[in-house]
Amino acid sequence: MANDHDHTEPPSDIALRVKALESLLIEKGLVDSAALDEIIEIYENKVGPRNGAHLVVKAWSDRGFKQKLMEDASSAAASLGYLGRQGEHLRVVENTPELHNLVVCTLCSCYPWTVLGLPPAWYKSAPYRARAVSRPRSVLEEFGTDLAKDVSIRVWDSTSEMRYLVLPLQPKGTEGWSEENLLKLVTRNSMIGVELAKTPDQIQSMKQGID
Ligand code: FE
């Protein structure tokens, strides 16, 4: 895989300033660090990925939108109000029964922020960045995703100019579901490609777990 493209280096100066600010807020008793962790957790898993999930369920239920999304994901995302910074492009890669897509940034942590929010820590980790390329099937298995042997895996290396979002396969038996219910099936991990969209059964057992 080519490594000559332009990745976004982590902004060490900004990271340090944020850390200093965070320490000060905690010291002054204005926030506590558990609350801060919770906020970050919410942005990683809930708020951020909701934008991407919106694109996915719209593509599942609207053929015209899906075509627009596959042809020019940046414009399709912008039409729903999800605007990136200038110069970065979003590309959506579609899972099919024969092909599974997996996204990584081999050099740093390029990630489609506008549609997925903050990248999870494992996405930025060296083992994921290396092994997603060399042993993608094992990485998927570690996430509990067992693909049939005849499904090929294609790995996409994100850069600062090109960010990828996986369009997961719509689970069987969810045709005609409302957008609200479809949204429950689309996880952040399914849009990175380490997992599949949830099945109706999985949603059902999650609900029972809560009750
Ligand atoms: Fe990168």
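Here, each number is a calculation from the coordinates, and none is a lab measurement. The model shown is predicted, which means the values in this text are computed figures rather than measured ones. Methodologically, a virtual Cβ is constructed for each residue, glycine included, from the backbone with ideal geometry; neighbour enumeration extends over all protein chains shown.
Applying the selection to region 153-192, what residues are within 16 Å of the ligand (Cβ to nearest atom) and crowded, with 24+ Cβ neighbours inside 10 Å?
Listed by number, the residues that qualify are Ser158, Arg163, Tyr164, Leu165, Ile192.
Can you pull out every residue in region 182-196 that is within 18 Å of Ser158 (Cβ to Cβ) and not in a loop (DSSP other than H, G, I, E, B)?
If the condition is that a residue be within 18 Å of Ser158 (Cβ to Cβ) and not in a loop (DSSP other than H, G, I, E, B), then Arg188, Asn189, Ser190, Met191, Ile192 are the ones that fit.
Return yes or no: is Leu107 surrounded by 14 or more Cβ atoms within 10 Å (Cβ to Cβ), more than 17 Å from the chain's Cα centre (by Cα) and hydrophobic (A, V, I, L, M, F, W, C)?
yes
Residues that are touching a residue at least 24 places away in the same chain (Cβ under 8 Å), more than 25 Å from Gln202 (Cα to Cα) and in contact with a helix residue (DSSP H, G or I) (Cβ under 9 Å, 6 or more places away or on another chain): list the helices (runs of 4 or more DSSP H) wholly contained in region 105-171 that include at least 2 such residues.
113-116, 126-134
Residue-by-condition table, conditions (1) out of contact with any Lys or Arg (no Cβ under 9 Å at 6 or more places or on another chain); (2) touching a residue at least 24 places away in the same chain (Cβ under 8 Å); (3) exposed (fewer than 13 other Cβ atoms within 10 Å of the Cβ); (4) of a type in the set (Ser, Thr, Tyr):
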site: Lys19; (1), (2), (3), (4): yes, no, yes, no
site: Ile26; (1), (2), (3), (4): yes, no, no, no
site: Leu36; (1), (2), (3), (4): yes, no, no, no
site: Ile39; (1), (2), (3), (4): yes, no, yes, no
site: Val56; (1), (2), (3), (4): yes, yes, no, no
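Filtering region 88-124 down to residues that are under 22 Å from Ala77 (Cβ atoms) and aromatic (Phe, Trp, Tyr), which residue is nearest to the ligand (Cβ to nearest atom)?
So the residue we want is Tyr111.
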